[in-house]
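First the structure, in the form of structure tokens, and then the observations on it.
The values are calculated or read from the model by the stated rules, or taken from the named source; none is laboratory data. The shown structure was predicted, so the numbers you read here are calculated from the model rather than taken from an experiment. Cβ atoms come from the backbone with ideal geometry, glycine included; neighbour counts cover every protein chain shown.
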Amino acid sequence: MKKVHYFICLLATSGLSYAVSAQDITSSVRVPGGIVVAEDTTHERIEKDLRKRNSITNDQRINWKDSGYGSLGTYSSNNEQYMARYDQDGKYVETLKKREWNSNVPAKLRSAYDQSNYKSQKVTGYWEVTDPSRKGYYLELNDDQNGPSRIWVDEDGKFSTSPNTVKKD
């Protein structure tokens with residue numbers, strides 16, 4: 001009987017810890033009248049912002065991914081791929097557009113890549129910042145074992161594992 005009681009307590013405790021961790025994703029707010037209303041998750045909140053900010057997203061499915069630097073939302077429109085970036089506080093940072101790594105790559109970016117520590121890796125695609133007030137790139141790479149990596153490049157050709165190097169004009 002003690003084992004059954006212990007097991008029930010263990011299940012209750014694990015359920016409680018799950019409930020507490022789940023509140024990090026969706027929180028609740030008490031509104032006038034004592035009613036508790038669930039707030040939007042971070043992704044729902046920033047998706048609303050993105051849809052207001054960019055009307056082409058209204059009919060598109062947005063796939064959200066958390067990074068150590070915030071959230072990335074990818075979507076397609078008219079056969080073009082886009083990525084919206086939000087910081088850890090859920091504030092809009094920039095939008096990037098997927099480009100092919102071909103002869104149309106900006107010369108400054110190509111030269112920086114050719115002189116970088118990443119030149120032995122194959123570029124499988126890159127993203128270019130589309131916001132007029134910002135410049136920068138995000139490269140998707142594969143090493144010789146086909147292991148993926150991603151790297152940010154600022155407008156001066158400086159490579160970083162962090163998106164913080166993207167500069168404003």
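Being closer than 16 Å to Thr42 by Cβ and either in contact with a strand residue (DSSP E or B) (Cβ under 6 Å, 6 or more places away or on another chain) or of a type outside the set (Ser, Thr, Tyr) (or both) is the filter here, so list the residues in the stretch 54-73 that pass it. Full working, then the answer.
At the first step, the residues of the stretch 54-73 found to be closer than 16 Å to Thr42 by Cβ are 62-73.
Selection gives Ile62, Asn63, Trp64, Lys65, Asp66, Gly68, Gly70, Ser71, Leu72, Gly73.
For the stretch 89-142, residues that are among the charged types (D, E, K, R) and within 18 Å of the chain's Cα centre (by Cα) total 11. Within the stretch 48-64, one or more residues are at pLDDT 90 or above, more than 20 Å from Ser160 (Cβ to Cβ) and polar (S, T, N, Q). Restricting to the stretch 66-114, name every residue that is in contact (Cβ under 8 Å) with a residue 40 or more places away in the chain and β-branched (Val, Ile, Thr). Of everything in the stretch 66-114, those that are in contact (Cβ under 8 Å) with a residue 40 or more places away in the chain and β-branched (Val, Ile, Thr) turn out to be Val93, Thr95.
Remark: pairs (first residue in the stretch 44-65, of a type in the set (Val, Ile, Thr); second residue assigned to a helix (DSSP H, G or I) and surrounded by 12 or more Cβ atoms within 10 Å (Cβ to Cβ); Cβ separation under 7 Å; 6+ apart in sequence or on different chains) = Thr57/Leu50; Thr57/Arg51; Ile62/Glu47; Ile62/Leu50. The criterion of being aromatic (Phe, Trp, Tyr), touching a Gly at 6+ places or on another chain (Cβ under 9 Å) and either modelled with pLDDT of 95 or more or within 26 Å of Gly73 (Cβ to Cβ) (or both) does not hold for Tyr137. Condition test on Arg150, is it free of Cβ contacts under 8 Å to residues at least 24 places away in the same chain, assigned to a strand (DSSP E or B) and under 14 Å from the mean Cα position of the chain (by Cα)? Yes, satisfied.
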